[in-house]
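What follows is one structure encoded as structure tokens, with my remarks underneath.
Readers should treat all values here as calculations from the given coordinates under stated rules, not as data from a laboratory. Bear in mind that the values here come from a model prediction, so they are computed numbers and not experimental data. Note that each Cβ is placed from the backbone with ideal geometry, even for glycine, and that neighbours are counted across all protein chains shown.
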Amino acid sequence: MILEYLQNIPSQLATVIIAVLPIFELRGAIPVAIGVYKMSVMNAYIWAVIGNMIPAFFLVLFLEGVSKRLMASSKAMNKFFNWLFDRTRRKFTHKYDKYGAAALILFVAIPLPVTGVWTASVASFLFGIKPRIAVPYMLAGVIIAGVIVSILSAGLIN
């Protein structure tokens, strides 16, 4: 379905867009870029990493203000953000207690559902990790996850 919307744009931009999306991130972008768009593994990797990092910058800078405003203006948003924040605390607290801010690398590097940049950005906000620390750690995690997903995708597709 998403690919239908992206069919008339350049494959590099489509890869970036898929990597920006919270459900897919680079876990979905790299296999699509290699398998559907027939990009080289390196090209797919680079565009997916770029796309996956775009939300990190905005989320770590604006999540607090936006979430507070939305929570104050809507019961549904209040309920959603409370659920999201509680869930993220449960998933991330043990890692944070053990590894500190470096847990963001581990959290993002494991290319499984709900372990990407979107959730790590929420975790960095909840645990008070400053953006100048959180973003490079998330980038390191994205680089590692990208290598893992690229190797798996190249092996499965070829």
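Tabulated results
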read-out: Leu61/Asp97 FRET efficiency (R0 25 Å; Cβ-Cβ; nearest 0.05); value: 0.50
read-out: Simple spin-label estimate for Asn8 and Ala72 in nanometres, 7 Å along Cα-Cβ; value: 4.2 nm
read-out: Potential extension, Phe80-Ile54 segment - 0.36 nm per residue separation minus Cα distance; value: 7.1 nm
read-out: Cα shape, the stretch 1-56, gyration tensor, a/c 1.5 rule; value: oblate
